Amino acid sequence: TAGEFTTSGVTTATYKYPEESGYQNSIRTEEFVIENSVLKEYVGHDNKVMIPKGVIEIDSYAFSNNDKITQVYLSESVNTIGCCAFSNCHNLQEVVIPGRIRQIEDYAFENCKSLKTVKISAEAGNIGRKAFKNCNTVIKQ
């Protein structure tokens, strides 16, 4: 059965349940490819992106080289941001990371030259080597 969901007014997407798509534990929306709770790829066109509830990891390179996104809001379920997940997103300006993220891997936001603000919990876990390389970022807790 297909359905619709809304992510805080940012976007509405139609999705198929895994048994309909032919891929076990996989959901493809108009914006995301998600497998086993791992966001594998962003295929949307919005400049403001809300990572859906239930995603526990943003895979390596999931958003890399995307010049459309300017703001990213992670759901509280996300606990890992993969290596280079947002690298070379030249227009990304703000990232909000609520909850208790455990891992931001190496080079996760490398070369995000417009990234000015990262809001992150003081309880955040490991921030990888050069996670914010070549960024002019202010991290707020």
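The values are calculated or read from the model by the stated rules, or taken from the named source; none is laboratory data. Small disclaimer: the values here were computed from a predicted structure and weren't measured. Quick reminder, even Gly has a Cβ in these numbers, built from the backbone with ideal geometry, and neighbours come from all protein chains shown. We work out accessible area using only protein heavy atoms, side chains counted, and drop any ligands, DNA or RNA first. Shrake-Rupley method; radii C 1.70, N 1.55, O 1.52, S 1.80 Å.
With respect to the numbered conditions (1) modelled with pLDDT under 90; (2) closer than 27 Å to Ala108 by Cα, which one is the sole condition not fulfilled by Gln24?
That leaves (2) as the condition not met.
Could you give me the residue pairs with C-beta distances under 6 Å whose first residue belongs to the stretch 70-84 and is in contact (Cβ under 8 Å) with a residue 60 or more places away in the chain, whose second residue is assigned to a strand (DSSP E or B) wherever it lies, and which are 6+ apart or on separate chains?
As it stands, the answer is Tyr73/Met50; Tyr73/Val96, since those pairs meet every condition given.
May I ask you to verify whether Val33 is in contact with an Asp or Glu (Cβ under 9 Å, 6 or more places away or on another chain) and either under 20 Å from Val138 (Cβ atoms) or assigned to a strand (DSSP E or B) (or both)? Let's see the steps before the verdict.
Numbers: in contact with an Asp or Glu (Cβ under 9 Å, 6 or more places away or on another chain): yes; either under 20 Å from Val138 (Cβ atoms) or assigned to a strand (DSSP E or B) (or both): yes.
It is true that Val33 is in contact with an Asp or Glu (Cβ under 9 Å, 6 or more places away or on another chain) and either under 20 Å from Val138 (Cβ atoms) or assigned to a strand (DSSP E or B) (or both).
Take Lys140 and decide whether it is of a type in the set (D, E, K, R), within 14 Å of the chain's Cα centre (by Cα) and over 15 Å from Val38 (Cβ atoms). Steps first, answer last, please.
Details: of a type in the set (D, E, K, R): yes; within 14 Å of the chain's Cα centre (by Cα): no; over 15 Å from Val38 (Cβ atoms): yes.
No: the conditions fail for Lys140.
When the residues of the stretch 98-119 are narrowed to those that are open to solvent by 50 Å² or more (accessible area, probe 1.4 Å) and acidic (Asp, Glu), which ends up nearest to Glu57 (Cα to Cα)?
Glu105
Has the stretch 57-65 got at least one residue that is modelled with pLDDT under 95 and open to solvent by less than 50 Å² (accessible area, probe 1.4 Å)? Reasoning before the result, please.
Initially, the stretch 57-65 is screened for residues modelled with pLDDT under 95, giving none.
Checked against the condition, which is being modelled with pLDDT under 95 and open to solvent by less than 50 Å² (accessible area, probe 1.4 Å), the stretch 57-65 yields no hits at all.
Does the stretch 108-118 contain any residue that is part of a strand (DSSP E or B) and more than 14 Å from the chain's Cα centre (by Cα)?
Initial filter on the stretch 108-118 (part of a strand (DSSP E or B)): 117-118.
Next, from what is left, pick out any that are more than 14 Å from the chain's Cα centre (by Cα): 117.
Yes, the stretch 108-118 contains at least one residue that is part of a strand (DSSP E or B) and more than 14 Å from the chain's Cα centre (by Cα).
One line per residue, one yes/no per condition, for (1) within 18 Å of Cys84 (Cα to Cα); (2) modelled with pLDDT under 95:
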site: Val95; (1), (2): yes, no
site: Pro98; (1), (2): no, yes
site: Gln103; (1), (2): yes, no
site: Asp106; (1), (2): yes, no
site: Asn111; (1), (2): yes, no
site: Ala124; (1), (2): no, yes
site: Arg129; (1), (2): yes, yes
site: Cys135; (1), (2): yes, yes
site: Gln141; (1), (2): no, yes
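Determine, yes or no, whether Ile69 is closer than 27 Å to Thr29 by Cα, touching a Gly at 6+ places or on another chain (Cβ under 8 Å) and of a type outside the set (Ser, Thr, Tyr). Reasoning before the result, please.
Details: closer than 27 Å to Thr29 by Cα: yes; touching a Gly at 6+ places or on another chain (Cβ under 8 Å): no; of a type outside the set (Ser, Thr, Tyr): yes.
So Ile69 fails the test.
Just name the residue that is modelled with the lowest pLDDT out of those in the stretch 28-51 that are at negative phi and open to solvent by 60 Å² or more (accessible area, probe 1.4 Å).
From the stretch 28-51, those at negative phi are 28-35, 38-51; that's our starting set.
Pick out the ones that are also open to solvent by 60 Å² or more (accessible area, probe 1.4 Å) and you get 28, 30, 35, 40-41, 45, 47-48.
On the way: Arg28: 62, Glu30: 79, Glu35: 93, Lys40: 96, Glu41: 95, His45: 91, Asn47: 95, Lys48: 96.
Here the residue is Arg28.
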